[in-house]
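This report concerns only the one structure given below.
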Amino acid sequence: MSYALEVKKLTKIYKNGKQALQGVDLSVPEGSFFALLGPNGAGKSSLINILADTVHPSSGEVTLLGKNLFTERKWCKQRLGVVPQEIAFDPFFAPRDILKIMSGMFGVKPDMKWIDELLERLELTEHAKKNARQLSGGMRRRLLVAQALVHKPKIVILDEPTAGVDVELRKRLWGFMRELNDNGTTILLTTHYLEEAEELCDQVAIIDQGKLLTSQSMASLLDSVGSSSLVLEYHENMTMTDTIQNKLAAFSPRIEKNTVSLCLKKNDSGQNNFNDAYQTAIALLGEAKSVSVQNEDLEDVFLRLTHNGNTV
């Protein structure tokens, strides 16, 4: 497998003594749509800022398409686009002019056909001649996206790109990002919208307190780490005796009014213990009004890993 981005033993200690990154190892497959997730203060911003060359690491290595990010910065810059959280353009220039200027800063001749396509796809065409300071917050976020794409980079880093963007426009923006990814662009995404990450991304890494907790395909994370629960709904609110509680202990029972949830576990062959849990519950509690199985989604797994500090 070839990697668009490889991070090895990356650390960052700020002057105040805070260690934001603690020996992070991360590999982003070429052509992937990769989610980098973590709670506030996890170290995501430090990592992104190091990649964007606005923060210097304390130690470690980063390679981009096989080139050293720190010693071959010009080559890497021409192949990397970053959408930062902060507004990063002159507010007195118009969007079309900003994109022309940024093309030159990336060392390429302005491609006006591509610039016009970016303005259209990001719904900025009618605002292309306004000063950037006249744009709304959502428009400025989209202009940041256009700015990062103007030189047709091989790798794009999206740092909370849809903050302040309405739902419908967000969907259209993600449609555009999917097209870029389908055409070979590697995308690294940070977002607090975990349902979007689960829908969009084929790879995921979770970072917390400067440490990498897991990095794998989205499917394998949800399959290996995500758990399932057998949910039995009864006509009346449920109570359990100590005897019943003990007999169901292997399934970590949870009771909420008239609902009983039992945790299902997988064996080495990948099969869960549904039948065992179901037969035990029915024998102890009686027939249920309804029975269902609920699977953890990405948000459930994320909260469990970051709250417990587990690594996978």
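Of note:
- Scan the stretch 189-232 for residues that are under 30 Å from Lys289 (Cβ atoms) and aliphatic (A, V, I, L, M) and the total you get is 4.
- Qualifying position, being surrounded by 22 or more Cβ atoms within 10 Å (Cβ to Cβ) and small (Gly, Ala, Ser), among Ser46, Ser27: Ser46
- Cβ pairs under 9 Å, 6+ apart, first in the stretch 187-207 and assigned to a loop (DSSP other than H, G, I, E, B), second open to solvent by 10 Å² or more (accessible area, probe 1.4 Å) and basic (Lys, Arg): Tyr193/Arg170
- Residue tally, condition of a type outside the set (Gly, Ala, Ser) and in contact with an Asp or Glu (Cβ under 9 Å, 6 or more places away or on another chain), over the stretch 7-35: 10
- Residue ID - nearest to Lys74 (Cα to Cα), chosen from residues in the stretch 102-156 that are among the basic types (Lys, Arg) and more than 27 Å from the chain's Cα centre (by Cα): Lys109
- Only one of the listed residues (Lys266, Lys257) is farther than 14 Å from Ser227 by Cα and either open to solvent by 40 Å² or more (accessible area, probe 1.4 Å) or modelled with pLDDT under 90 (or both). That residue is Lys257.
- Filtered by the rule that a residue be in contact with a helix residue (DSSP H, G or I) (Cβ under 8 Å, 6 or more places away or on another chain) and either among the polar types (S, T, N, Q) or not in a helix (DSSP H, G or I) (or both), the stretch 90-117 gives Asp90, Pro91, Phe92, Phe93, Ala94, Ser103, Phe106, Gly107, Lys109, Pro110, Asp111.
- Test: residue in the stretch 260-275 that is closer than 30 Å to Thr11 by Cβ, part of a strand (DSSP E or B) and either in contact with a helix residue (DSSP H, G or I) (Cβ under 7 Å, 6 or more places away or on another chain) or of a type outside the set (Asp, Glu) (or both): no
- Screening Ile87, Ile48 for residues that are under 22 Å from the mean Cα position of the chain (by Cα), over 25 Å from Asp208 (Cα atoms) and not in a strand (DSSP E or B) leaves exactly one candidate, Ile87.
- One residue stands out in the stretch 9-24 among those that are part of a strand (DSSP E or B) and basic (Lys, Arg): the one that is surrounded by the fewest Cβ atoms within 10 Å (Cβ to Cβ), namely Lys9.
- Residues that are among the basic types (Lys, Arg) and modelled with pLDDT of 95 or more within the stretch 1-43 comprise Lys8, Lys9, Lys12, listed in sequence order.
- Subset tally (residues that are open to solvent by less than 70 Å² (accessible area, probe 1.4 Å) and within 26 Å of Gln19 (Cβ to Cβ)) for the stretch 54-96: 15
- Neighbours by Cβ (under 7 Å, 6+ apart or cross-chain): first from the stretch 80-100, without any contact (Cβ under 8 Å) to a residue 24 or more places away in the chain; second in a loop (DSSP other than H, G, I, E, B): Lys100/Pro110
- Remark: pairs (first residue in the stretch 275-299, modelled with pLDDT of 90 or more; second residue open to solvent by 70 Å² or more (accessible area, probe 1.4 Å) and part of a helix (DSSP H, G or I); Cβ separation under 8 Å; 6+ apart in sequence or on different chains) = Thr280/Lys247; Leu284/Lys247.
- Filtering Leu248, Leu232, Leu221, Leu284 for residues that are under 29 Å from Gln203 (Cα atoms) and touching a helix residue (DSSP H, G or I) at 6+ places or on another chain (Cβ under 7 Å) leaves a single hit, Leu221.
- Any hit, the stretch 178-188, residues being of a type outside the set (Phe, Trp, Tyr), at pLDDT below 95 and open to solvent by less than 40 Å² (accessible area, probe 1.4 Å): no
The values are calculated or read from the model by the stated rules, or taken from the named source; none is laboratory data. All values reported here derive from a predicted model rather than from experimental measurement. Glycine gets a Cβ as well: all are built from the backbone with ideal geometry, and neighbour counts include every protein chain shown. For accessibility, only protein heavy atoms count, side chains too; no ligands or nucleic acids. Shrake-Rupley method; radii C 1.70, N 1.55, O 1.52, S 1.80 Å.
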